[in-house]
């Protein structure tokens, strides 16, 4: 058969449902082979957005998302998405075209070495130099993409290879089980947990896997050990759980850090080096509580750490765990659950004090009527309109900190934020992918005006696909996160303000519906009406970030210091 037909059959054998992207002339044989396949082509308006969609599909399903681009500028437009998937541990395959490699007559026109370009951004990158290599290289690409730690892979299919004939056969997926942690490491971890006075559980990005959620919930319920999460570990356990202490959204000084300082043992499940640990190991000055009646204060940095993960810990100056439990995370936690029993000497009083103070602080200003909308009111109202299984996708900006900190996630992968590459422009494409995966759920993209405009053209894609989608555009007419940092670091206000289109008319020009808030109290009724009315809805939300520095720096630090 034609090699491009074999390539598509290999994708089908891997269970590929969607291919996101923009074909070019070098992809025409592949496009023709897709025409009669079971794979649905989702034509996008920019290759970067296609990559964000494929990565998000991989994040939500655990299966490799696939995107397509031509050679040259099409391929280079995938670079940001490659880094997004690689740093975020999202399985994604990028397919790019290329000029004929056996008898090219066009010199260097549009030619860049895409395979070499992708080398530092992927787990695997290859040029297909023969139709006979397609089955093995496609299978290897998918294996690498999905193997722990998941990430991005790339295959280049030159147009002369795509049209050659081959009699190669598809290679099926291998059956395997992840290695299990040793009995000795589990016994040593069990002894450390049971002898600790103030153990604390940390849920990181690597724990955000389908089979891990249930066993972690069982561990928490059986042992009664409080837990907290990193930003990309949000929702692994329902954050309305009475033992949930919070999400590490700020680098330091938040209420949650007072609990971390009081722990003498941290069980770090799924630590990913992309997210720095919200604690620093090693010697630091002692931190004593201002209230001597609050028990459990420990020397900051003195906590021992158990590293529960698929792979051993990469050691650096701030992370060097004393014990590793290395193997399939779900299996390790299940075995620890059977071995660890509640200990009468455990002391969680300080943890619960921190939890109460943090929750009280989050409720402050949650019903503030000021307009433009105050971030705490915005987060609280979005939580009210989203059901437990509703999905919000965040672009990158100061509002990401507010949502990470103040928005309780009830289920895994219902708060899709990027605390790895932290790229702007991913919010809308990620929401499109989420709605494709979960057509019956409420899905909302939450974007700053800066990030939204980086891929706003994908409104047309969402309209063309007939999706029911709500997009909140938070308008402050500036790159707000950087302005906050600029002011906080003592720099003059310069170079970060811009103008915006009329977002209501902009949405309507794509065939979407546009809405603009005129008061803080309008958000809930407007968004509810949007979800009840089919189609794509953009809601412009003017926001007021003027109190960010007071609340996130001074107020939180001052109040938490008193615990």
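Quick note: the coordinates plus some simple rules give every number you see, no bench work behind them. Quantities reported herein were computed from a predicted structural model and do not represent experimental measurements. In this analysis, Cβ positions are derived from the backbone assuming ideal geometry, glycine residues included, and neighbour counts consider all displayed protein chains.
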- Task: Evaluate the distance, in nm, between pseudo-label points positioned 7 Å from the Cα of residue 76 and of residue 164 along their respective Cα→Cβ axes.
- Result: 2.9 nm
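Just rank 275, 364, fewest to most, by other beta-carbon atoms within 10 angstrom.
Numbers: 275 19, 364 12.
With the sparsest Cβ surroundings first, the list reads 364, 275.
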- Message: If I model a spin label as a point 7 Å beyond the Cα along the Cα-Cβ vector, how far apart are those points for residue 524 and residue 346 in nm?
- Response: 3.6 nm
- Query: Among (i) 23.2, 72; (ii) 28.3, 97; (iii) 24.7, 81, which one is Rg and Dmax of the Cα atoms in Å computed from these coordinates?
  - Reply: (iii)
- Query: Highest mean first, what order results for 393-400, 90-97, 472-479, 503-510 on Cβ atoms within 10 Å?
  - Reply: 90-97, 393-400, 472-479, 503-510
- Message: At 0.36 nm per residue, and after removing the present C-alpha to C-alpha distance, how many nm does the segment from residue 316 to residue 180 gain when stretched out fully?
- Response: 46.4 nm
- Note on the structure: Computed over the chain, the relative contact order (Cα-Cα under 8 Å, seq sep at least six) in percent reads 13 percent
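By its C-alpha gyration tensor, with a ≥ b ≥ c as the square roots of the eigenvalues, how is the stretch 394-477 shaped: rounded for a/c under 1.5, else prolate for a/b larger than b/c, else oblate? Walk me through the numbers before you get to the answer.
Values: a/c = 1.85, a/b = 1.14, b/c = 1.63.
Oblate.
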- Message: Calculate the FRET efficiency for residue 509 and residue 37 from the Cβ-Cβ distance with a Förster distance of 30 Å, rounded to the nearest 0.05.
- Response: 0.35
- Calculate how steeply helix 3-13 sits against the longest principal axis of the alpha-carbon atoms of the chain, using the helix alpha-carbon long axis, and give the answer as 0 to 90 degrees to the nearest 10. 30 degrees
- Task: Using only Cα atoms, tell me the angle between helix 183-195 and the longest principal axis of the chain; keep it within 0 to 90° and round to the nearest 10.
- Result: 30 degrees
- With both partners inside the chain, how many of the DSSP beta bridges are antiparallel, as a percent to the nearest 5? 5 percent
- Can you grab the distance from the C-alpha centre of the stretch 408-469 to the C-alpha centre of the stretch 184-262, Å, no decimals? 28 Å
- Query: So what does the Cα-only Debye profile of the stretch 365-553 read at q = 0.10, 0.12, 0.18, 0.19 Å⁻¹, as log10 I(q)/I(0), no solvent term?
  - Reply: -0.36, -0.52, -1.25, -1.41
- Item | Cα gyration tensor shape for the stretch 104-263, rounded if a/c is under 1.5, else prolate or oblate | prolate
- Task: Nearest 5 is fine: what % of DSSP beta bridges in the stretch 307-455 come out antiparallel, could you say?
- Result: 10 percent
- Using the alpha-carbon centroid of each, what span in Å lies between the stretch 1-63 and the stretch 304-321? 38 Å
- Query: Just for the stretch 422-563, what percent of DSSP beta bridges are antiparallel, to the closest 5?
  - Reply: 5 percent
- Footprinting exposure proxy for 176, 52, 351, 219 (fewest neighbouring C-beta atoms within 10 Å first): 176, 219, 351, 52
- Which whole-number percent gives the relative contact order of the stretch 415-485, counting Cα pairs below 8 Å spaced six or more residues apart? 35 percent
- With a ≥ b ≥ c the root eigenvalues of the C-alpha gyration tensor of the stretch 28-144, is it rounded (a/c under 1.5), prolate (a/b larger than b/c) or oblate? rounded
- Message: Output the 0 to 90 degree angle, nearest 10, between the alpha-carbon long axis of helix 329-339 and the longest principal axis computed from the alpha carbons of the chain.
- Response: 30 degrees
